[in-house]
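The values are calculated or read from the model by the stated rules, or taken from the named source; none is laboratory data. As the structure is a computational prediction, the values presented were derived from the model and not from experiment. Cβ placement follows ideal geometry from the backbone for every residue including glycine, while neighbour counts extend to all protein chains displayed.
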Amino acid sequence: PNPSDDDELLKFPDDLMIGVASSAFQTEGAWDVDGKSPSNWDEYTHVNNFGANADIACDSYHKYKEDIKLAANGNFKFFRMSLSWSRILPTGSIGNINYNAINHYKNVLNEVKKQGMIPFVTLYHWDHPAIFDKFGGWNSEKMIIAFNDYAQVVFKHFANIVKFWTTINEPMVYCYYGHGKGFFPPGDTFEGRGPYICGQNMLIAHAQVYHLFKNKYNNSDSQIGIVNACWNFYPENPSEPESADIAFEYNCGWLSNPIFSKEGDYPVIMKQRIKENSYLEGLSTSRLPELTEPMINLIKGTSDYFGLNYYSSRMSDKVEKTQSGKWFDDSGVNMTINNEWPMDVATWIPIVPEGLGDILRIIKNKYNNPPVYILENGIASNGSSYDLVRTKYFYSHMKEMLAAKNRDGCNVKAYVVWSLLDSFEWVAGYRQYFGIVYVDHNSPQRTRTPKTSYYWLKDMIHQRALPSTFITPLKPLKTI
Ligand code: GBH
């Protein structure tokens, strides 16, 4: 459904927070400063990644005050950031806490609060001490223990300052790219198994840390949860709408259903398909590991909110069974891009704002209308500070989000823009920029310049309403 232009639908209700997001590895730099050890991504980018690394990135480790000021001046109320595990526990061991890092993050968090914003902290946005990859990283159950240790140290020092927590950012993405496709460290290409093992270990690690927090560090008003990246799907063939359901379950449901559904466990359709495929391949058990009854109960209900990262949508179409043993083929659905969807420089982000509204309605119906924090939404563009496509992208997505909330009763509590700065973009290095603030990566100062989208968002947050049609912001006299 299209959002109506009714004025009421365009208002930001009082219980909706607008925020801006970043992550440690993508912005901090200072990769070997003040006792930090190399992370998995440091090691990986020093030998792979076409020469692009995050040794300096945006130098936010040193420039955090400027970043926080920029966010606060942009009227954002919510500051999403992550912590660098290898900064806090350089050897991975709790016997070796790096108090430089503890002090640094104390300063950062206090600065966020001083500037009138609420810090929203992700424990794990894909970077961990590199040494863990020697024992298999997230394909090893040792990682569950290591993550618990790290979380205890973090909660012990910061639970009194931080109310909003995320355990793991986009487990599916990390597991698929790191342990299936091999594009992320550790670069494993164990397609038909690695992602599932990684996903299960992350689910258990997440659940244990959730319970740890609830048992030992909970305040009545603190929240802890997980964030998943979900696409929305549209059936290629309207007479086979189930292809979109299957695609949802396989993509978003895999690591959401065990937490948010009433029954818990992986989605039934996913279990069935992977088992059938495994048998066809001549295996006697499914490549998807089993969640035992105690595990199901441990994991069920372990998120105070549904963390959603939404960028784009895909078309879905059923395909014949294959015996390729690959993660993607297990779904039995082909996921493609509709040529009519417009896009900017990132070919994986065709612009589909209605997909955000549609997925919010799916989440509402499937998981009993949980509070939803949209923790990332954004698009890459070329470097220009007159970033009209991005500005329009925010307008159209916020409009869909407001209609889903104001008209359809979806329980959206936060909308967080990805990202504050033009940052290190993982495997895309510095070739794709998501920032609402331009960063000159050629200057030693990493000079920051707010873009048009920054000023536009600042104005919208101030008005607490969107105009009924998009009004093109004027081009400033000077643009980068
Ligand atoms: C988010 O993931 C991340 O949380 C965030 O750190 C990142 O900056 C942001 O995306 C923007 O990229 O190059 O065609 O192989 C979103 C999921 C997974 C989408 C990796 C892009 C690579 C597509 N991302 N994927 S491609």
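Remark: pairs (first residue in the stretch 217-229, within 15 Å of the ligand (Cβ to nearest atom); second residue aliphatic (A, V, I, L, M) and in a loop (DSSP other than H, G, I, E, B); Cβ separation under 8 Å; 6+ apart in sequence or on different chains) are absent. Of ILE379, ILE337, ILE359, all but one fail to be among the β-branched types (Val, Ile, Thr), surrounded by fewer than 23 Cβ atoms within 10 Å (Cβ to Cβ) and within 16 Å of the ligand (Cβ to nearest atom); the exception is ILE337.
Within the set LYS134, LYS114, LYS142, the sole residue that is within 17 Å of ARG80 (Cα to Cα), at pLDDT 95 or above and either of a type in the set (S, T, N, Q) or more than 16 Å from the ligand (Cβ to nearest atom) (or both) turns out to be LYS114. Scanning the stretch 30-53 for residues that are more than 21 Å from ASP188 (Cα to Cα), among the small types (Gly, Ala, Ser) and in contact (Cβ under 8 Å) with a residue 40 or more places away in the chain returns GLY35, SER37. Here the condition is being among the polar types (S, T, N, Q) and modelled with pLDDT of 95 or more; of SER324, SER313, it holds for SER313 alone. Could you identify the single residue in TYR279, TYR266 that is aromatic (Phe, Trp, Tyr), at pLDDT below 95 and more than 16 Å from the ligand (Cβ to nearest atom)? Among TYR279, TYR266, only TYR279 is aromatic (Phe, Trp, Tyr), at pLDDT below 95 and more than 16 Å from the ligand (Cβ to nearest atom). On inspection, THR45 fails the criterion of being crowded, with 18+ Cβ neighbours inside 10 Å, touching a strand residue (DSSP E or B) at 6+ places or on another chain (Cβ under 7 Å) and not acidic (Asp, Glu). Restricting the stretch 340-354 to residues that are among the acidic types (Asp, Glu) and more than 16 Å from the ligand (Cβ to nearest atom) leaves a set whose member that is surrounded by the most Cβ atoms within 10 Å (Cβ to Cβ) is GLU354. Per the conditions (1) under 27 Å from LYS214 (Cβ atoms); (2) in contact with a Gly (Cβ under 6 Å, 6 or more places away or on another chain); (3) of a type in the set (Phe, Trp, Tyr), the sole criterion not satisfied by TYR367 is (2).
Identification of helices (runs of 4 or more DSSP H) wholly contained in the stretch 261-330 with 1 or more residues that are exposed (fewer than 15 other Cβ atoms within 10 Å of the Cβ) and over 24 Å from the mean Cα position of the chain (by Cα) yields 268-280, 293-299. Cβ-Cβ distances below 7 Å connect the following pairs, each with a first residue in the stretch 324-351 that is aliphatic (A, V, I, L, M), a second residue that is surrounded by fewer than 15 Cβ atoms within 10 Å (Cβ to Cβ), and a separation of six or more residues or different chains: VAL333/VAL319; VAL345/ASN382; ILE351/PRO342. Name the residue that is farthest from LYS77 (Cα to Cα), counting only residues in the stretch 429-460 that are surrounded by 17 or more Cβ atoms within 10 Å (Cβ to Cβ) and within 11 Å of the ligand (Cβ to nearest atom). That would be GLN432.
Give the residue that is nearest to the ligand (Cβ to nearest atom), with candidates limited to residues of the stretch 396-417 that are surrounded by 20 or more Cβ atoms within 10 Å (Cβ to Cβ) and more than 18 Å from the chain's Cα centre (by Cα). Among those that are surrounded by 20 or more Cβ atoms within 10 Å (Cβ to Cβ) and more than 18 Å from the chain's Cα centre (by Cα), it is GLU400. None of GLY116, GLY95 is over 21 Å from PHE424 (Cα atoms), free of Cβ contacts under 8 Å to residues at least 40 places away in the same chain and outside any helix (DSSP H, G or I) except GLY95. Applying the selection to the stretch 382-395, what residues are away from the ligand (no atom under 16 Å from the Cβ) and either at pLDDT 95 or above or closer than 23 Å to VAL121 by Cα (or both)? Once the filter is applied, which keeps residues that are away from the ligand (no atom under 16 Å from the Cβ) and either at pLDDT 95 or above or closer than 23 Å to VAL121 by Cα (or both), the stretch 382-395 yields SER385, TYR386, LEU388, THR391, LYS392, TYR395. Any idea which residue in the stretch 29-42 is farthest from GLY92 (Cα to Cα), counting only those that are among the charged types (D, E, K, R) and crowded, with 19+ Cβ neighbours inside 10 Å? Looking at residues that are among the charged types (D, E, K, R) and crowded, with 19+ Cβ neighbours inside 10 Å, I get ASP42. Screening ARG193 against (1) in contact with a helix residue (DSSP H, G or I) (Cβ under 9 Å, 6 or more places away or on another chain); (2) away from the ligand (no atom under 16 Å from the Cβ); (3) within 15 Å of SER331 (Cβ to Cβ) leaves a single unmet condition, (3).
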